Amino acid sequence: MTNAPTTDPPAAGAAPAAANTPNSALFTDQYELTMLQASLHSGAAHRRSVFEAFARRLPAGRRYGVVAGTGRLLEALSTFRFDDAQLAFLSDHHIVDDTTLSWLAGFRFTGSISGYAEGEAYFPNSPILTVESTFAEACILETLILSILNHDSAIASAASRMTGAAAGRPCIEMGSRRTHEEAAVAAARSAIIGGFASTSNLEAGRRYGLPTVGTAAHSFTLLHDSERAAFEAQVAALGRGTSLLVDTYDVEQGVRTAVEVAGPELGAVRLDSGDLVAQARWVRQLLDDLGNHTTKIVVTSDLDEFAIGLLASAPVDSYGVGTSLVTGSGAPTAGMVYKLVSRQDDDGTFISVAKAAKNKASVGGLKQAMRRLDEHGVARAEVVGIGISPVNDGDDRPLVQQFMKDGVVLDGWTGPEAVLRAAKHHTRSIAELPGAVRRLQRGEPVIPTEYEEAAS
């Protein structure tokens with residue numbers, strides 16, 4: 001698959017990726033604009049409001065989730081503008097009235113956004129993202145917020161489970177051919193946040209400074225008159241440190257030919273079919289017998305976290321993961337919702353509001369959150385304060401960060417810098433959770449979510 005990254009890791013201070021984001025104003029469900037229109041007519045559109053994105057539950061059997069997509073959301077907000085083309089569409093199709101069109105024409109988000117940092121572990125009812133603004137400004141962002149956070153967090157959560165199962169062996173994201181072209185870029189970004197070492201997607205590399213890798217597929221071998229001719233061509237072009245795909249025909253002969261062509265400097269052989277556990281063992285022995293003690297073994301072929309876990313005892317050096325990763329490994333959405341939790345009344349006083357429907361209840365009020373740690377620095381609970389900051393007993397960790405204030409994105413939360421920051425944060429966040437977090441068996445969230453409220 002690969003032998004070395006072709007780009008450097010994200011560099012601090014690199015430029016944001018907003019220029020790569022198309023106009024995002026109509027990445028919106030129509031009911032957001034009809035609510036806007038109705039609230040403009042009632043006068044309630046300008047009430048100060050607090051919206052919150054959270055997940056009522058984790059995907060069945062999952063023990064934690066991983067936040068991703070916040071940086072992409074902040075980038076998308078920079079292009080959330082109703083320009084002539086968007087306004088013409090809304091007018092021509094009679095979606096909103098002239099009063100609403102006039103309001104949209106001057107729209108710029110001027111509110112504040114806070115929440116969990118990308119890479120942070122989250123649990124049921126964690127206040128993952130909070131938007132404070134007028135009802136009108138926050139309302140029309142719902143679909144954009146949820147589409148980005150639900151997709152990216154699902155991928156990052158799957159990536160984290162896979163890298164946990166890999167136990168330090170590098171994982172390569174290679175799922176671009178299994179999803180929409182823009183989703184592929186977002187998935188690569190989320191995979192890096194979740195602990196992957198590199199991606200095959202070049203646009204993700206360009207846009208976010210991610211390490212990119214790749215060598216050859218079976219078609220390259222089949223193009224040539226023999227496997228040897230294909231290997232010779234690849235080594236001549238890419239050097240002896242390349243990775244050679246050895247299972248187009250007979251694996252044993254492929255390994256022997258690869259060693260004959262590249263010698264002991266051969267970077268890696270890739271296995272893409274068959275019983276990977278048994279195959280990796282005898283291929284390792286064969287490589288060692290041929291004197292290629294430093295040649296690595298890369299495995300691919302529809303891997304997920306469970307297959308990676310089964311390969312833990314095999315002499316595998318890295319894993320290439322595609323379809324399962326970019327589809328969330330059985331959980332393609334994080335299941336987040338976006339709800340109004342507080343608003344001003346006619347006197348300007350903030351009041352808590354909450355949905356009470358069966359199985360879809362929400363908890364009202366502006367929230368703060370803290371990871372409660374024991375004396376060994378291990379997390380014991382997710383503590384959410386309603387209208388207050390939870391009491392810190394001295395070693396607990398606050399979770400809510402400020403991303404945007406009065407319409408201005410704060411430094412460090414977008415572009416390549418944000419991805420590097422998020423990947424490092426993910427490592428720290430997972431490390432403080434109880435050891436059960438790495439179990440792949442179905443179970444309850446690894447820590448409970450608790451609430452603290454101000455005394456009445």
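Of the beta bridges in the chain, as assigned by DSSP with both residues counted there, near 65 percent are antiparallel.
Here residue 392 and residue 81 are evaluated by their C-beta separation; at R0 = 30 Å the FRET efficiency comes out at 0.15.
Label sites at residue 350 and residue 103, each approximated as a point 7 angstrom past Cα along Cα to Cβ, lie 2.2 nm apart. Accessible-area rank, largest first, for 31, 64: 31, 64, with all protein chains present and a 1.4 angstrom probe. Would you please give the FRET efficiency between residue 91 and residue 57, computed as 1/(1 + (r/R0)^6) with r the Cβ-Cβ distance and R0 = 41 Å, to the nearest 0.05? Efficiency, rounded to the nearest 0.05: 0.50.
Of the residues 446, 409, 398, the one whose Cα sits farthest towards the positive end of the charge dipole of the range 383-456 is 446 (charges of +1 on Lys and Arg Cβ, -1 on Asp and Glu Cβ, taken about the Cα centre).
When you count the other C-beta atoms within 10 angstrom of each residue and take the mean per peptide, 182-195, 202-215, 270-283 line up highest first as 182-195, 202-215, 270-283.
Between residue 249 and residue 293, how high is the FRET efficiency from 1/(1 + (r/R0)^6) when r is the Cβ-Cβ distance and R₀ = 25 Å? Nearest 0.05. Efficiency at R0 = 25 Å is approximately 0.50. At each listed q (0.10, 0.11 Å⁻¹), what is the log10 of I(q)/I(0) that the Debye formula gives for the chain modelled as equal alpha-carbon point scatterers? Once normalised to I(0) and log-transformed, intensities are -0.77, -0.89. Annotation: aspartates and glutamates with alpha-carbon distance below 16 angstrom to residue 360 (same-chain offsets under eight excluded): 52. With each label modelled as a point 7 angstrom along the Cα→C-beta vector, the residue 323-residue 229 pair spans 3.2 nm.
The protection proxy used here, the mean number of other Cβ atoms lying within 10 Å of each residue, ranks peptides 413-424, 118-129, 303-314 as follows, highest first: 118-129, 413-424, 303-314.
Give the residues of the range 298-329 whose amide nitrogen is closer than 15 Å to a point set 7 Å from the Cα of residue 178 in the direction of its Cβ. 299-309, 319-329, by backbone N distance to the label point.
In plain terms, the chain from residue 282 to residue 432 could stretch by 50.2 nm, reckoned as 0.36 nm per residue minus the Cα-Cα distance. Compactness of the range 359-425, taken as the C-alpha radius of gyration over 2.2 N^0.38 Å, stands at 1.39.
The values are calculated or read from the model by the stated rules, or taken from the named source; none is laboratory data. Quick caveat, the model's predicted, so the values are computed rather than measured. Note that we place each Cβ from the backbone using ideal geometry, even for glycine, and neighbour counts take in every protein chain shown. The accessibility values were calculated without ligands, DNA or RNA, using every heavy atom of the protein model including side chains. Shrake-Rupley method; radii C 1.70, N 1.55, O 1.52, S 1.80 Å.
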